[in-house]
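The values are calculated or read from the model by the stated rules, or taken from the named source; none is laboratory data. The model shown is predicted, which means the values in this text are computed figures rather than measured ones. Cβ sites come from the backbone with ideal geometry, for glycine too, and all protein chains shown count toward neighbours.
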Amino acid sequence: MKKRILCFGDSNTWGYTPLTGVRYDEHTRWTGVLQDALGDGYAVVEDGMNARTSAYEDMRDLWRNGRDALPISLISQKPLDLLIISLGTNDLKFTDALGAAKGVESLISLADMVQNKKESSLVFPNGLKVLVISPIRVGIGIADNPDTTVRDGYAQAQQFTGYFKRMCAAKGVAFLDAADYAEPSVKDNVHMEPESHRALGLAVADKVRELLEAD
């Protein structure tokens, strides 16, 4: 049976093209690169949504709270071998980098609750396994964009790595820093160009093999 991976994220997981908002094709977005790199023994399930937060309610942009969506996604997509969470950038509309890490921490706890809920079958038959991807850093030019909702997020985004890494160590889950491999486009300072999607997807594939191929 194929090993199933759920990628739960925001617009960079969905595949948002800078400025145009058109979705990258399935082989360009990082989730598709991940699938291609892992091959037929894996099934990568994409659940990316533009403007999704980890755990914060946006009354101007409804249905974007990850806490509401994650249990539905987990149960509908079971059985799963790995949950990848790639969120945090949109949290900067409402909080700082520490708050973003705390929001993702709450999703890990929520996944554990779903796993322990009595269902017809377990969501993670081999036990809950989570990989958190710390977000790329938004570009410095973000402050010059009057239309963005994270225009004050540049300084906070520089702190994602430290807060996310410490949170993952405390929760006992795997960590990967997207900023080591990818960067935002200079076109909008938030979304990735194809080369960053590819570099991130290949890095995630290496991490997934490390986590799952020993099982």
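Structure notes:
- Some residue of region 165-182 being touching a Phe, Trp or Tyr at 6+ places or on another chain (Cβ under 6 Å), under 22 Å from Asp112 (Cβ atoms) and among the basic types (Lys, Arg): yes
- Subset of region 179-201 (residues that are more than 13 Å from Arg29 (Cβ to Cβ) and either assigned to a helix (DSSP H, G or I) or among the polar types (S, T, N, Q) (or both)): Ala179, Asp180, Ser185, Asn189
- Test for Ile133: is it surrounded by 17 or more Cβ atoms within 10 Å (Cβ to Cβ) and either modelled with pLDDT of 95 or more or charged (D, E, K, R) (or both): yes
- Number of the condition not met by Ala214 [criteria: (1) among the small types (Gly, Ala, Ser); (2) modelled with pLDDT under 95; (3) in a helix (DSSP H, G or I)]: (3)
- Cβ-Cβ distances below 7 Å connect the following pairs, each with a first residue in region 183-203 that is touching a residue at least 24 places away in the same chain (Cβ under 8 Å) and at positive phi, a second residue that is outside any loop (DSSP other than H, G, I, E, B) and not hydroxyl-bearing (Ser, Thr, Tyr), and a separation of six or more residues or different chains: Asn189/Gly141; Asn189/Ile142.
- Filtered residue count, region 18-44, keeping only those that are touching a Lys or Arg at 6+ places or on another chain (Cβ under 7 Å) and either surrounded by fewer than 17 Cβ atoms within 10 Å (Cβ to Cβ) or in a loop (DSSP other than H, G, I, E, B) (or both): 4
- Ala170 vs. criteria among the small types (Gly, Ala, Ser), in a helix (DSSP H, G or I) and buried (at least 19 other Cβ atoms within 10 Å of the Cβ): no
- Among the residues making up region 106-143, those that are within 14 Å of the chain's Cα centre (by Cα) and in a loop (DSSP other than H, G, I, E, B) are Pro135, Ile136, Arg137.
Let's see how each residue does on (1) under 25 Å from Phe124 (Cβ atoms); (2) in a helix (DSSP H, G or I); (3) without any contact (Cβ under 8 Å) to a residue 12 or more places away in the chain:
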{"residue": "Glu46", "(1), (2), (3)": "yes, no, no"}
{"residue": "Tyr56", "(1), (2), (3)": "no, no, no"}
{"residue": "Leu62", "(1), (2), (3)": "no, no, yes"}
{"residue": "Asp68", "(1), (2), (3)": "yes, yes, yes"}
{"residue": "Ser73", "(1), (2), (3)": "yes, yes, no"}
{"residue": "Ser76", "(1), (2), (3)": "yes, yes, yes"}
{"residue": "Leu98", "(1), (2), (3)": "no, yes, no"}
{"residue": "Ala101", "(1), (2), (3)": "yes, yes, no"}
{"residue": "Val104", "(1), (2), (3)": "yes, yes, no"}
